[in-house]
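Okay, structure first, notes after.
The values are calculated or read from the model by the stated rules, or taken from the named source; none is laboratory data. Predicted, not measured: the structure shown is a model, and the values here were computed from it. Here Cβ is always computed from backbone atoms with ideal geometry, including for glycine, and neighbour counts include all displayed protein chains. Ligands, DNA and RNA are excluded from the accessible area calculation, which covers all protein heavy atoms including side chains. Shrake-Rupley method; radii C 1.70, N 1.55, O 1.52, S 1.80 Å.
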Amino acid sequence: MAKHEVDYTLYLVTDSTPAILGGGDLCEIVEEAVKGGVGIVQYRDKTSDTGVLVSTARKLHEITKRHNVPLLINDRVDVALAIGCEGVHIGQDDIDLPTARKILGEDAIIGVTVSNVAEAEAAAKGGADYFGIGTVFATPTKENVKSIIGVEGLKEILLKIAVEKWPVKTVCIGGINKSNASRVVWQSAVPGKSLDGVAVVSAIMAAKSPEQAAKEILDQIKTPPPFTKALVTPGQQTRSPQELLVLVPYILKAVNDKKPLSHNMTNLVVQNFAANVALSVGASPIMANYGEEAEDLAKLGGALVINMGTVTPEGLLNYTKALQAYNKAGQPVVFDPVGAGATKVRRSAVKVILSSGYVDVLKGNQSEILSCIPGGSKIQQRGVDSGPSGQNTQELASAIKELAKLRRHIVVMTGKTDLVTAGETVFAIDNGHEYLGMVTGTGCCLGTTISTMIAAHPNDKLAAVISGILQYSIAAELAAERDDVKGPGTFVPAFIDELYNVRKATVKGDLEWLKRAKVSVIA
């Protein structure tokens, strides 16, 4: 088989350790896996002596040749030469790439493990045929893992490949199984480059039926994940503000009629406020921070809000469990990376959450959103406030536009002027009142409001997000103008009232409030 004909879609890495192999026969497992759709096999055994390696590799090669599937040997160029197989896979601590190429020749398939852009660049320039990118998720099958790169690290390497136009194939490895293969392939893709396949170890090697396991994983790789069923379409991204404003009453009425669940994972400071906001806009709130509940709640047709107000290891685990449950159910998620740029712990938590699942809406203030851009931001936050202002609006619009394209989120950057984009048009919303910035939790509760809109109107999430921002910010204006409002303290109950009043007026057909909407296109 010529190198360019190799099918990397499902790549099996063997494991002969008792913990994984158990009492199974390695050769039988590999043959079953190949029958199930594995397109390339890597024989990996770090403990057996050379005689055993050569003997086993020969048996494996007979199997793979029968099925026209290439066999690679992990690290051991001498073993590959001895049995005449198709190539090798080498790690960063194994034989160097130029030496391996010199020994095996140009026709051999040589893959290299890479975990960062620098390693990828060296391997590409050295002539690697493919990259094994990882470790993506924690796994017991590989020792001395330098770091867990997550989907974020995977995406960074793919982006570099796309920019440099390296003619290299890619598979990811590390904790890949039936439950996450589809998401990882879809979520890691960048403009111009996506994974050519996934490498699997224990999900096949330790399966009761390796053939069935291979078939199921292959099917998942080729099937878009459930949450992609209602992505923002190109046509939805290029509408005018006037076209979007026409939809606002319809969307607010949908929330009123459907009363969608708004599942909030947030801190105690905000919970009561968020629940009252959800009720006022017509939704059904639940404040549930335990991730194990999410699978059942996700089946109720609502949306999840992850408000990263308090960051703890336990809380982070609950966030990721809930995120994955809503992704599996195909229900929308709003992520508010509160204080994302303030500390190393928070920056790390953001990476974990964004690597653990897909979020439909990424909402935060300027500093928080800039901290989510690959490479980070130089802006230092003071706690969870809105951060420094004054950055050029066009520069900010360009930054969030690229972020939305890269991650396929709807990005909402809040501030004096709120910016919204799904990757093409950037909309500016100039409504609201300064009191919103003087009350703890108002930013978090905007996320709650947005969640109700995208739950009630999931097939046009961009219009739903803009509708939520308009109801929220115009209600704030109306509340601040009331005679009974003297400052931030009296503003809060009046604001809750006006959210309710705007909804009820809209249901009755009174759209006087919507005449205040200030929506424009800035990019």
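So the values come out like this:
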read-out	value
Helices (runs of 4 or more DSSP H) completely within the stretch 434-523 that count 2 or more residues being open to solvent by 40 Å² or more (accessible area, probe 1.4 Å)	488-507
Considering residues of the stretch 61-74 that are among the aliphatic types (A, V, I, L, M) and in contact with a helix residue (DSSP H, G or I) (Cβ under 6 Å, 6 or more places away or on another chain) only, the residue nearest to THR113 (Cα to Cα)	ILE73
Given (1) more than 30 Å from LEU406 (Cα to Cα); (2) in contact with a strand residue (DSSP E or B) (Cβ under 7 Å, 6 or more places away or on another chain); (3) surrounded by fewer than 21 Cβ atoms within 10 Å (Cβ to Cβ); (4) not charged (D, E, K, R), number of the condition LEU81 does not satisfy	(2)
Pair list, Cβ < 7 Å and 6+ apart or interchain, from the stretch 132-157 residues that are on the phi < 0 side of the Ramachandran plot to residues that are of a type in the set (Lys, Arg) and modelled with pLDDT of 85 or more	GLU152/LYS351
Boolean, LYS351 is open to solvent by 40 Å² or more (accessible area, probe 1.4 Å), touching a helix residue (DSSP H, G or I) at 6+ places or on another chain (Cβ under 7 Å) and not aliphatic (A, V, I, L, M)	yes
Selection within the stretch 305-322 - outside any helix (DSSP H, G or I) and in contact (Cβ under 8 Å) with a residue 40 or more places away in the chain	VAL305, ILE306, ASN307, MET308, GLY309, THR310
Residue in the stretch 66-75 that is without any contact (Cβ under 8 Å) to a residue 40 or more places away in the chain and in a helix (DSSP H, G or I) present	yes
Count of the stretch 280-305 residues which are open to solvent by 10 Å² or more (accessible area, probe 1.4 Å) and closer than 14 Å to THR266 by Cβ	5
Residue in the stretch 332-339 that is part of a helix (DSSP H, G or I) and either acidic (Asp, Glu) or under 24 Å from LEU370 (Cβ atoms) (or both) present	no
Residue ID - nearest to the chain's Cα centre (by Cα), chosen from residues in the stretch 175-193 that are polar (S, T, N, Q) and within 15 Å of GLY153 (Cα to Cα)	GLN187
Elements of type helices (runs of 4 or more DSSP H) in the stretch 199-279, at least 2 residues being closer than 21 Å to THR449 by Cα and open to solvent by 50 Å² or more (accessible area, probe 1.4 Å)	241-258
Residues satisfying the stated conditions in the stretch 280-304, i.e. over 21 Å from the mean Cα position of the chain (by Cα) and either on the phi > 0 side of the Ramachandran plot or assigned to a loop (DSSP other than H, G, I, E, B) (or both)	GLY282, ALA283, ALA288, LEU300
Matching residues in the stretch 344-362 - criterion: being more than 21 Å from ARG183 (Cβ to Cβ) and of a type outside the set (A, V, I, L, M)	LYS344, ARG346, ARG347
Complete set of residues in the stretch 397-419 that are β-branched (Val, Ile, Thr) and within 21 Å of LEU499 (Cα to Cα)	VAL412, THR414, THR417
Residue that is of a type in the set (Gly, Ala, Ser) and in contact with a Pro (Cβ under 7 Å, 6 or more places away or on another chain), where the choices are ALA2, ALA33	ALA33
Every residue from the stretch 162-175 that is within 22 Å of GLN324 (Cα to Cα) and open to solvent by 10 Å² or more (accessible area, probe 1.4 Å)	ILE173, GLY175
Pair list, Cβ under 6 Å, 6 or more apart: the stretch 501-523 residue over 30 Å from ILE400 (Cα atoms), other residue open to solvent by 40 Å² or more (accessible area, probe 1.4 Å) and not polar (S, T, N, Q)	VAL507/LYS253
Qualifying position, being open to solvent by less than 30 Å² (accessible area, probe 1.4 Å) and acidic (Asp, Glu), among ASP49, ASP45, ASP7, ASP25	ASP45
Flag if GLY36 is open to solvent by less than 30 Å² (accessible area, probe 1.4 Å) and closer than 21 Å to GLU5 by Cα	yes
Test: GLU156 is modelled with pLDDT under 95, assigned to a helix (DSSP H, G or I) and open to solvent by 40 Å² or more (accessible area, probe 1.4 Å)	yes
